[in-house]
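The values are calculated or read from the model by the stated rules, or taken from the named source; none is laboratory data. Remember, it's a predicted structure, so these values are computed and weren't measured experimentally. Every residue, glycine among them, receives a Cβ derived from its backbone with ideal geometry; neighbour counts consider all protein chains shown.
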Amino acid sequence: MAELSLNNIVKRYGALEIIHGADLDVKDGEFVVFVGPSGCGKSTLLRMIAGLEDITGGELKIGGRIVNDVEPADRGIAMVFQSYALYPHLTVEENLSFGLRMNGNPKADTERRVRHVAEILQITELMKRRPKQLSGGQRQRVAIGRAIVREPQVFLFDEPLSNLDAELRVQMRVEISRLHKQLGTTMIYVTHDQTEAMTLADKIVVLRAGNIEQIGAPLDLYDDPANQFVAGFVGSPKMNFLKAEVTEIQAGKATVVLADDRTVRLAVPLHDLITSGTPVTLGIRPEHFGEMGQGEADLTVAVDVAEHLGNTSYIYANFGGEQLIIEQPESRSLGKTERLTVSLSAARTFLFDAAGKRLR
Ligand SMILES: Nc1ncnc2c1ncn2[C@@H]1O[C@H](COP(=O)(O)OP(=O)(O)OP(=O)(O)O)[C@@H](O)[C@H]1O
Ligand SMILES: [Mg+2]
């Protein structure tokens, strides 16, 4: 097991800079998830940690040792990819033991480790099968097993579940979580699925265009996003953003008026210095609207579509030309083209400036 630290890590391909100086500390045994939209640099960062990509600038330490120039095989890491790339002509057992056999590991020790991994992953009864005789989930388990037998200090996962169907993803997600508890090994896991990030991570690293936007525990990011990007990325369905304007600031409170409906006024605590007349964005999560009259301001919307999921309903609505989603515990009778009045409360809203910075 090992801790990891990234100090001002930069990646350039020629003149093109992809990672702009990443700082991150991963504690021994921690489960860290890199999340962010496609192309933001998640895989690049992970591959630099693995040693599969050169590090252009900065310092990478694993277990206290600078490893910038250490060969991948000597870094004490094992990586699991999206495509599991098992050897098709080898059995599960042979796939699991392959790396150890190639390294000349003693036979008895290899057999012990393979048996142990098979038990952990509950694939003992599949040992004589070949990959094509396995389901997608079973194959992915074997791929993970191949990483575990190496007894690495750090596991790296690059979207290991994205080839699986929705149900299997959930099942494997739970298994990976259980595996982490059982092994206690440091894990870094890349995904663009925010649900995976929220459920697996001790700590989430939100990336955007080669920059780390925020690092924090899942619920800290949900409760206290640093900016509009993180606010919109964490949480499902996504946070709503409405155009608004600050019209009055008094005694640490700003009066916020929704831009397209001058009748909605909300007093929000605000300590940052801004002038009245400043355009802002008001953020509110779908699940944080209240019943009419229960908050500090009411908002009437036109319903476009109502999705009824049984335990909850998602109302897609229009407010002064802006789209928003409202989650309601139960509103089966509500249909299209109706009007709906919900309430806002200041404690459940966020304000952002024009550049997306959170106003506090
Ligand atoms: N060899 C390369 N040469 C130039 N640019 C590259 C190279 N490899 C990756 N990139 C660029 O680096 C950026 C980050 O790529 P990366 O694969 O790390 O993204 P990602 O966050 O893993 O995305 P995804 O979710 O789609 O897997 C992208 O803009 C990509 O085009
Ligand atoms: Mg990637």
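Worth a mention:
- Candidates in the range 265-288 are the residues that are in a loop (DSSP other than H, G, I, E, B) and not small (Gly, Ala, Ser); of these, the one that is farthest from the chain's Cα centre (by Cα) is Thr275.
Condition check ((1) over 30 Å from Pro37 (Cα atoms); (2) surrounded by fewer than 18 Cβ atoms within 10 Å (Cβ to Cβ); (3) assigned by TED's automatic domain parsing to the domain that holds Ser38) across all residues:
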| site | (1), (2), (3) |
| --- | --- |
| Thr186 | no, no, yes |
| Gln214 | no, no, yes |
| Ala217 | no, yes, yes |
| Pro225 | no, no, yes |
| Glu245 | no, yes, no |
| Thr255 | yes, yes, no |
| Ala259 | no, no, no |
| Gly290 | yes, yes, no |
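- Every residue from the range 164-209 that is more than 16 Å from ligand 1 (Cβ to nearest atom) and closer than 19 Å to Val234 by Cα: Val170, Arg173, Met198, Thr199, Leu200, Ala201, Asp202, Lys203
- Condition met for His308 (under 23 Å from Val230 (Cβ atoms), out of contact with any Leu (no Cβ under 8 Å at 6 or more places or on another chain) and assigned by TED's automatic domain parsing to the domain that holds Arg339): no
- Qualifying positions in the range 137-186 - among the hydroxyl-bearing types (Ser, Thr, Tyr) and within 16 Å of ligand 2 (Cβ to nearest atom): Ser162
- Take the conditions (1) modelled with pLDDT of 85 or more; (2) of a type in the set (A, V, I, L, M, F, W, C); (3) within 20 Å of Lys238 (Cα to Cα); Met292 misses just one of them, which is (3).
Yes/no matrix, rows are residues, columns are (1) under 30 Å from Pro225 (Cα atoms); (2) among the aliphatic types (A, V, I, L, M):
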residue: Arg146; (1), (2): no, no
residue: Asp158; (1), (2): yes, no
residue: Val170; (1), (2): yes, yes
residue: Gly184; (1), (2): yes, no
residue: Val206; (1), (2): yes, yes
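- Residue that is modelled with the highest pLDDT [pool: residues in the range 129-175 that are among the polar types (S, T, N, Q) and under 23 Å from the mean Cα position of the chain (by Cα)]: Gln153
- Residue count for the range 114-125, restricted to those that are modelled with pLDDT of 90 or more and more than 19 Å from Arg101 (Cβ to Cβ): 2.
- Set side by side, the residues Ile315, Ile326 differ, and just one is surrounded by 13 or more Cβ atoms within 10 Å (Cβ to Cβ) and either assigned to a loop (DSSP other than H, G, I, E, B) or at pLDDT 95 or above (or both), which is Ile326.
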